[in-house]
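The values are calculated or read from the model by the stated rules, or taken from the named source; none is laboratory data. Here the structure is a predicted model, which means the values were calculated and not measured. A quick note on method: Cβ atoms are made from the backbone with ideal geometry, for glycine too, and the neighbour counts reach across all protein chains shown. All accessible areas refer to the heavy atoms of the entire protein, side chains included, with ligands and DNA or RNA removed. Shrake-Rupley method; radii C 1.70, N 1.55, O 1.52, S 1.80 Å.
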Amino acid sequence: MKLSPLQWLAVVAVIVVVSVAASPAADTPPAAAASATDTAEDDDDDDGGGGSVFPFRALQLYNTVAGYLEYIFDIVIAPITGGVSNKKQTPSRVSYKKFQIIRVLPSDEDEVLDIEAMSEEPGVQVWMPIRLNKTADLVLPPSVARDVKRFLTQREINFIVLSSDLERSIHKQNPKSPSINQKSELKATKGHVMTWTRYHRYQDILDYLMYLSENYPHLVELLPIGKTVEGRPLKVVKISSGQTRENVVKPAIWIDAGIHAREWISPAVALFILRQLVENKSYRTLISEIDWYILPMINADGYEYSHTVDRLWRKSRRTAATKSGRTLWDVSYGCEGVDLNRNWDWHWAGVGASQDPCSDTFAGSHAFSEPETRAVSDFILDHRDRIQVYLTLHSYSQMWLVPWSHTKKLADDYDDMMYLARQATEAIQKVHGSHYQLGTTPSLLYTTSGCSDDWAKGKAGIKYSYTIELPDKGMYGFLLPAEKIVTTGKEIFTGIKSIAKSILKINSMKEKTKLRG
């Protein structure tokens, strides 16, 4: 049997690992080796090691040696032989079987500290922040779930289990994808496969945008603004009747969604708003007097990854090397992704943002290090003389948030922003009775920096800048069922219509004041 160069390297790696791992004395003093063995015996119930450290040490050594050999193959052998290593294999789907979601309610500062310490356990995710007298949602892997709940019970900290099997909840969220025949039938009858009864993949979204531009060319223009890290196109939809009065610049409203991959409801609602503005003739007035710029998906790479690999993925898919990166002496593959809502040039890398590439709130190597945030910021700056409202859709918690996020200090025009937002949330409540909390991010959630809404106000100068946290309040969290898309879309569109009408009134009053002057 003839082996490839990479296979020969694997053989060498195994030989080295076996020879080294077979002798604990090679790198461990006898006393330490004995101690390690004793520890393994003590932990026999947990890891099934049978009192031996060999398998674990062998695995560690194998990974290290294989990494070195792969590096040598990539930089020395591959350029000569034309071969490539298979280091970019398709990752397997992440399973959340028997993961649990719990909701805790700390009643004093000691309990807050206890829960924060508990949240540092391996694999624990914090979905909603841990605050005094406020509920917080945590995801617990099965390896720690029993111990965490026992700890909470012993400390007499109130908690409830929202889901005992997160994987089952994930499967329930989105209906099964239609068959090829069903898709063909949809396209033949409607011209596209987009529905608002399921969460669609990014290609379906792009196809729908193309459909709108081809069938409503007098209203819709697609504006390519750049590409993601993985090369997916970013397209802004401009909706405009083109009509304008002489010497009057039409105001514009910006809406974006999908900056966090796992928040599927946000691009779905953005697409619902698109459909209403373009395909529903009842809203032609909104288009004749206001131009709309809508980017349904900022984090297309992360969104696709959340569909194919890890449903709860949050960041982009940038590969950011840890430490000094991958070198011969420090093999490091890095942690993927940047939190695109910590990457904006407004108090970048301050409070609430991390400089650890493995963190869910990693702010990137520098402000606007990512092509996605650069593309959006460049476009907004080019149109900031007309954009009077900035809206970014997130989930979850049902909140309408106003700047600032990086400080508890209120903006000078806080009352103006709150007035419009209050009208919007009141209009939303009249649709289905949904209540949206209203306030700043620090007052309702947490203090954070490098966010898009703060940048839009602070740098781009857009007075009315808001983050809308979509439903729900935690029963489903990031796994809001697809059947909620239409009801959520109707509510939010009602709130946005209120904002649009307020802007038109404000502009009208300014014009009258000018004429009087």
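Worth a mention:
- Once backbone amide H atoms are built at 1.01 Å from N, Asp472 has Ser397, Gly477 as its partners under 5 Å, excluding neighbours fewer than 5 places away on the same chain.
- Cβ-Cβ FRET estimate between Arg146 and Asp108, R0 fixed at 30 Å, reported to 0.05: 0.75
- For the pair the range 405-465 and the range 348-397, the centres of their Cα atoms are 16 angstrom apart.
- Extension gain, Glu279 back to Val248 (0.36 nm per residue minus Cα-Cα distance, nm): 8.5 nm
- Converting phi to 3J(HN,Hα) with the Karplus coefficients 6.51, -1.76 and 1.60 and the offset θ = phi - 60°, the range 440-454 yields 7, 4, x, 6, 10, 10, 6, 8, 8, 9, x, 8, 5, 5, 5 Hz in sequence order, with x at every glycine or proline.
- Förster radius 30 Å - calculated FRET efficiency between Tyr414 and Asp165, Cβ distance, rounded to 0.05: 0.10
- Protein-only accessible surface order, largest first, of Glu116, Glu109, Glu156 at 1.4 Å: Glu156, Glu109, Glu116
- The mean sequence distance of close C-alpha pairs (under 8 Å, at least 6 residues apart), as a share of the length of the range 90-235, puts its relative contact order at 22 percent.
- Too-long pairs where the Cα-Cα distance tops 19 Å, listed order kept, from Lys183/Lys315; Lys459/Lys512; Lys315/Lys484; Lys238/Lys505; Lys430/Lys501: Lys183/Lys315; Lys459/Lys512; Lys315/Lys484; Lys238/Lys505
- The range 198-280: relative contact order in percent, alpha carbon pairs under 8 Å with at least 6 residues between: 24 percent
- Note on the range 128-179: with neighbouring protein chains present and a 1.4 Å probe, carbon and sulfur make up 49 percent of its accessible heavy-atom surface.
- Net +/- balance of residues flanking Gln203 in space, Cβ distance below 11 Å, scoring K and R +1, D and E -1: -1
- Karplus (6.51, -1.76, 1.60) ³J(HN,Hα), θ = phi - 60°, over the range 362-371, in Hz, Gly and Pro reported as x: 4, 8, x, 6, 6, 4, 6, 6, 9, x
- Calculated from backbone phi, Karplus (6.51, -1.76, 1.60) coupling profile of the range 162-167 in Hz, x at Gly/Pro: 7, 8, 9, 8, 5, 4
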